[in-house]
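Below: the structure, in structure tokens.
The values are calculated or read from the model by the stated rules, or taken from the named source; none is laboratory data. All values derive from a computational prediction rather than experimental measurement. Backbone-built Cβ (ideal geometry, glycine too); neighbour counts: all protein chains shown. Ligands, DNA and RNA are stripped out before the accessible areas are found, and what is left, the full protein with its side chains, is counted by its heavy atoms. Shrake-Rupley method; radii C 1.70, N 1.55, O 1.52, S 1.80 Å.
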Amino acid sequence: MPAARREGVTVFLTGLSGAGKSTIADALVAELEAGGRPVTVLDGDVVRTHLSSELSFSRADRDLNIRRIGFVAGEVVRHGGTVVVAAIAPYESAREEARALVERHGRFVLVHLSTPLEVCEGRDVKGLYARARAGQLTGFTGVDDPYEPPVRAELVIDTSTTPLAESVARIRAAVDGRPAPVG
Ligand SMILES: Nc1ncnc2c1ncn2[C@@H]1O[C@H](COP(=O)(O)OS(=O)(=O)O)[C@@H](OP(=O)(O)O)[C@H]1O
Ligand SMILES: Nc1ncnc2c1ncn2[C@@H]1O[C@H](COP(=O)(O)OP(=O)(O)O)[C@@H](O)[C@H]1O
């Protein structure tokens, strides 16, 4: 008889640029893979150089980008896989569409990185906030483009007050269906 297969799961990290999506995704993926769970990573930056290379940052293109990510995540989850998405995904309706595409086949864990704009801007990892404030970049999320906070996130984490290891532990607990560790 074939071995029972693990249910597929997608962890979807959403939040402003600089909120900590890629940093948490990297640490989470390293831990999951060290524990014998191969992971498909769909990071916004990388997806936009391959799957969504023709897309702009208009609302319609952002929605299409997230729909594509949701579709790919759903296909991986359908076969029992684990997916970690790291994308700004600023619109509620697109995130819910991605949730529906995944939940047909398995679990969806939405993690809202609620790190305040001032902190993200202070980090300005890529210098994009400075460019947006200088008017050299328009339609930048949080500056002159909206971010709709999720209505129903499985986890809400502010990385200005939550150490990286704690964020990863909380997400792993949610992935494993355990209560979050204390502290
Ligand atoms: N106008 C504008 N608004 C927001 N972000 C911008 C923009 N232009 C370029 N970038 C860079 O693109 C990265 C976000 O891509 P995403 O695919 O995650 O965005 S979205 O979900 O489709 O809204 C984002 O990466 P992160 O900083 O890692 O979030 C930015 O580096
Ligand atoms: N507790 C924390 N959790 C995650 N990132 C943190 C934390 N404290 C500081 N940072 C820093 O914040 C930055 C987040 O950048 P990044 O992960 O690229 O964000 P995003 O992918 O959301 O744009 C990194 O330079 C990271 O080292």
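Condition (residue is acidic (Asp, Glu), surrounded by 14 or more Cβ atoms within 10 Å (Cβ to Cβ) and within 23 Å of ILE157 (Cβ to Cβ)) applied to the range 58-77: is it met by at least one residue?
no
For a quick check of your reading of the model, give me the residue pairs whose first member lies in the range 111-135 and is without any contact (Cβ under 8 Å) to a residue 12 or more places away in the chain and open to solvent by 20 Å² or more (accessible area, probe 1.4 Å), whose second is within 12 Å of ligand 2 (Cβ to nearest atom) and among the acidic types (Asp, Glu), with beta-carbon atoms closer than 8 Å and at least 6 apart or on different chains.
From the range 111-135, the pairs are ALA130/ASP124.
Within the set of pairs 6+ apart or on separate chains, which have a first residue in the range 144-169 that is of a type outside the set (Asp, Glu), a second that is open to solvent by 50 Å² or more (accessible area, probe 1.4 Å) and in a loop (DSSP other than H, G, I, E, B), and C-beta atoms under 6 Å apart?
Hits for this filter: ALA169/PRO181.
Can ILE88 be described as touching a residue at least 12 places away in the same chain (Cβ under 8 Å) and in contact with a Leu (Cβ under 6 Å, 6 or more places away or on another chain)?
In short, no.
Give me a count of the residues in the range 101-110 that are charged (D, E, K, R) and buried (at least 16 other Cβ atoms within 10 Å of the Cβ).
Residues meeting the conditions: 1.
Test each condition in (1) within 11 Å of ligand 1 (Cβ to nearest atom); (2) open to solvent by less than 50 Å² (accessible area, probe 1.4 Å); (3) over 16 Å from the mean Cα position of the chain (by Cα) for THR49 and report the one that comes out false.
Just one mismatch for THR49, condition (2).
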